[in-house]
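Shown next, in C-alpha cells, is the structure this report addresses.
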Amino acid sequence: MLPQEFLNRMKILLGTEYADFLAGYENSHRFSLRWNPLKGGEVPQEQIKKRLPYLQEAVPWAKYGYYYEENVRPGKHPFHEAGLYYIQEASAMAPAAFLNAGPGERILDLCAAPGGKSTQIAADMRGQGLLVCNEIHPARARILSENIERMGICNALVLNEAPDTLAERFEQYFDRILVDAPCSGEGMFRKKEEACREWSMQNVELCAKRQDEILDAAAGMLKAGGRLVYSTCTFAPEENEGSVSRFLARHSEFSIAPPAFTEGFTGGRADWVENPAPGIENTVRLFPHKVEGEGHYAAVLIKEGENKEANRPCKTEAGTREKECGEFAGFLRQYIRKELTGVLLKFGDQLYLTPEGTPSLHKLKVLRAGLHLGTLKKNRFEPSHALALALSDSDVKYAKNLDSHGQEAQAYLRGETLQAEGEKGWYLITVDGISLGWGKLTGGVMKNHYPKGLRG
C-alpha cells in the first residue's frame, strides 16, 4: 500500500496529472534487459533478437536495451550466467546513456551497486580506458564486483570507499562521473514493496542531505570540461531539482546541459523547489504513467574552469614483475592466443591485470583491481572464473561448446563433470559460443571448474 503522506504530496504536486499517475500503479511494470556487446558483440538488432527471440521492442533511450515478454525468465538461462545480458529496469538505463561514455576515458561510477549502470558504461567504453566503480556498503560492493565479473569487464576497478576518501585521492582526475545517489526510492514503489514500507518524509530529508555530501565529493574529482550525471529513482523534489539547485549554488563552476529528450520524458520543475537553479527545466523526469518504465530523475552537469591535473600528477601502479608470477607466463603460452595488455598486480596469491596508467591503489579498499587472472598456488597458476568470462573461443587454444538448450549446459552449471575427448589441459567452456567458465580435461573427463558459490 502506498504511503498516504506520499499520495497527498503527489496530488498537490501533479494537480490534474495525479489521476493518470495513480492509475499507473494499477498497471504491471514492463520487464527489460540490456544486451552486453562485450560478450555478444556489437551486432544489429536482428541478430540480437535471433539469439533472444523473446525480446520485444527496443528501449528508446538506451542502446542495447530491450523489453521482453513477462512470462520469460531470462535470469534462469545459461546466457545470464555467461553475461550475455544484464536484467535491468528500463528507466534505470537512462542515466548511463546521458553520461555518453566513450573508449579511452577515465570514468567514475561513485554509487555503483549493484552494477547495472557500471556495466552499461563499460559496454560504451569497449574495454578501453579506466572505469572506477565504487560502493560504500561492503555487502553491496561484493555484489557489484560479481556483476562486473559476470559481464566480462576487464578495465574496471571495484572499490569500497567513502566518497570523501576518494575525493582526497583523485582531484580533477575523471573525465566523467555518474552519481546515481542513494534516495528514498519513490520511483520504485510499483516494483518494490519494501521501498513503500521504508518511506518517510524524514528519510527524504536524510537522503537529500546525504546527496549534497556525495555531490560535493564528486565535484572535486571531475576535470574541467568534464560531465557529471546526477540521478535518483525518486519523485521527491528535495532530492531531485532541490539537490541539483543546492549543488549549483555551492559550485558556480557547474552548469546544466540539456540531454537528448525522448518522447515521454518531462523537464524538471522549477515550481516544485525553492530557489531553483537556472536551467533546472533542462533536467529530466521519467514518470511511469508517461514512459514504459519506473520513476527516475537525471541531470547532466558540465564543469567549467582550469584543469589542475598537470600540477598534481597521479602516481600510477608500478606493477608486479613477471618472474614473481609463478607459472602464469607458461599458462599463457600453453593455452591463450590473445595478447593480454596491462599491468600485472599481485595481491597475496591473487593475480590481476589492471589497465596501463591505473592510479596507485595504496591504502584503498580494493575488491577488484581490473581483470582477475587467477590464483598462484606454490608457483602453480590456476585461471580465474573472471578470466574465462573475459575471453572468447577464438582467444584460447582449447574450447568445448555446449548447447544452451542441452543437458550438458545445465550439468556444467551444477558443477558436474563432463565427458570429452581431446588434448589434456585447460578448456574454455562456452554455451552457444559465449564463454561460461573453465574445465580441465584429463583422460576423457572434463573436471568442472565452475565456481562452487555459483552452482545451482
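Each reported figure results from applying straightforward, stated rules to the coordinates on display, with no laboratory input. All of these numbers come straight from a predicted model, not from anything done at the bench. Cβ placement follows ideal geometry from the backbone for every residue including glycine, while neighbour counts extend to all protein chains displayed.
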*At what distance in nm do the modelled label points of residue 323 and residue 69 sit from each other, each positioned 7 Å from its Cα along Cα→Cβ?*
6.2
*Listed residues 257, 289, 93: farthest to the positive end of the dipole of the stretch 91-303 (Cβ charges)*: 93
_Here are a few candidate values for semi-axes √(5λ) of the Cα gyration tensor in Å: (i) 40, 28, 17; (ii) 37, 28, 19; (iii) 42, 31, 20. Which one was actually calculated from the structure I just gave you?_
(i)
*asked:* Between the stretch 400-456 and the stretch 365-399, how far is it from one alpha carbon centroid to the other, in angstrom?
replied: 16
*Neighbourhood net charge (14 Å Cβ-Cβ; Lys/Arg +1, Asp/Glu -1) for residue 430*: -2
*Please figure out what share of the DSSP beta bridges in the chain is antiparallel and state it in percent, rounded to the nearest 5.*
70
_Show me the ranking of peptides 320-333, 370-383 by mean Cβ neighbours inside 10 Å, starting with the highest._
370-383, 320-333
_Enclosed volume per residue, in Å³, of the convex hull spanned by Cα atoms of the stretch 393-456_ = 74
_Sorted by Cβ density within 10 Å, fewest first, the residues 144, 345_ = 345, 144
*Kindly write out, for the stretch 159-172 in residue order, the coupling ³J(HN,Hα) from the Karplus curve 6.51 cos²θ - 1.76 cosθ + 1.60 (θ = phi - 60°), rounded to whole Hz, with x marking Gly and Pro.*
10, 10, 10, 6, x, 5, 5, 5, 4, 5, 8, 10, 5, 6
*Which net charge results for the neighbourhood of residue 332, defined as the other residues with beta-carbon distances under 13 angstrom from its beta-carbon, given Lys and Arg at +1 and Asp and Glu at -1?*
0
*State the Cα centre-to-centre distance between the stretch 90-130 and the stretch 315-350 in whole Å.*
27
_Value of [θ]222 nm, deg cm²/dmol, for the chain, DSSP H segments ≥ 4, -39500 (n - 2.57) each, nearest 500_ = -7500 deg cm²/dmol
_Quarter of Cα convex hull surface for the stretch 91-303, i.e. mean projection, nm²_ = 11.0
*Round to the nearest 10 and give me the degree value, 0 to 90, for the angle of helix 138-150's Cα axis relative to the longest principal axis of the chain.*
60
*Want the number for residue 46 to residue 349: 0.36 nm per residue separation, take away the alpha-carbon distance, what's left?*
104.6 nm
*Hey, how many Å between the Cα centroid of the stretch 195-212 and the Cα centroid of the stretch 5-75?*
26
*C-alpha long axis of helix 116-125 to longest principal axis of the chain, angle in °*: 70
